[in-house]
Amino acid sequence: MGNRSLLFKMSSAPEPPSSKTEPPKEKDYRIPGLRGARTTTLFRAVNPELFIKPNKPVMAFGLITLTLCVAYIGYLHATQENKKELYEAVDSEGARYMRRRTSKWD
């Protein structure tokens, strides 16, 4: 029985000294991102998107608005391409009519 208690004592390792340290204080914690950085009021005013929490309804509205703007520009581009093939022609009697452009090479 004496050997068992000796083996048990030898197998248990002493606790490392770092485990007995005090937990870090609240001031030691850093806030992630730029919210915890020390900045000037001017920097925060010029770059508010770095400090404001994301707002999902505003993001959705902006995404829909941007998508509609791009679609409208695409629509205008497509209709402009179609207008390039037509032009207003005047015949010998002075009547106006729309005529499709033709190439001299056709």
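The values are calculated or read from the model by the stated rules, or taken from the named source; none is laboratory data. A quick note: this is a predicted structure, and the numbers were derived from the prediction, not measured. Virtual Cβ from ideal backbone geometry, glycine too; neighbours counted across all protein chains shown. Note: accessible area is taken over every heavy atom of the protein model, side chains too, but ligands, DNA and RNA are not part of it. Shrake-Rupley method; radii C 1.70, N 1.55, O 1.52, S 1.80 Å.
Figure legend: label point modelled 7 angstrom from the Cα of Ile73 along Cα→Cβ; residues of region 36-65 with amide N under 14 Å from it are 65. Heavy-atom accessible area for Met59, with the other protein chains in place and a 1.4 Å probe, reaches approximately 110 Å². Distance between the modelled labels on Ser103 and Asn55, one decimal in nanometres: 5.4 nm (7 Å Cα→Cβ projection).
Rolling a 1.4 Å probe over the protein heavy atoms leaves Glu88 with an accessible area of roughly 110 Å².
Subtracting the Cα-Cα distance of Leu42 and Glu88 from their residue separation scaled by 0.36 nm leaves 10.8 nm.
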